[in-house]
Amino acid sequence: MQLDKQNLIWIDLEMTGLDPERERIIEIATIVTDKNLNILAEGPVLAIHQSDELLGNMSEWCVHTHTANGLVERVKTSKLTERSAELQTIDFLKKWVPKGTSPICGN
């Protein structure tokens, strides 16, 4: 383990849609790399429980994609809340990046 302020945090979120005001996170995955993009650690991949109502309001693309890859089923059976996923992700990152020093990377 290498705590370094130059380490980079990479976050990948799967959402119920593209509108951040309305849609919710259904999966979060995190990777930490060094400044040369060498992977140092892979964090937990966490499916976050959301209601059937919210899942039922997803776009056709989201329903098809997230059902085909098994994510919808993982979300339905998950007991993990958004807050729990946030805390688990932060606990993972504390081992690799000093608080407030790394940019969050991703797409």
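Between Arg22 and Val45, the modelled label-to-label distance comes to 2.9 nm, taking each label 7 Å out from Cα in the direction of the beta carbon. Structural descriptor for the chain: relative contact order 37 percent, calculated from alpha carbon pairs under 8 angstrom and at least 6 residues apart. Taken as Cα centroids, the stretch 74-107 and the stretch 32-66 sit 11 Å apart, rounded to the nearest whole angstrom. Under the convention that each Lys and Arg Cβ holds +1 and each Asp and Glu Cβ holds -1, the size of the dipole of the stretch 8-105 around its Cα centre is about 460 debye. Counting only residues at least eight positions apart within a chain, or on another chain, the lysines with an alpha carbon under 22 Å from that of Lys5 are Lys35, Lys94, Lys95, Lys99.
Once both axes come from the Cα atoms, what is the angle between helix 82-94 and the longest principal axis of the chain, in degrees from 0 to 90, rounded to 10? Long axis of 82-94 versus the principal axis of the chain: about 20 degrees.
For Val97, the residues 5 or more places off, or on other chains, whose built amide H falls under 5 Å of its own are Asp4.
Throughout, read-outs are computed from the coordinates displayed, never taken from laboratory work. In this text, all values refer to a predicted model and were calculated from it rather than measured experimentally. Note: ideal-geometry Cβ built from the backbone for every residue, glycine included; neighbour counts use all protein chains shown.
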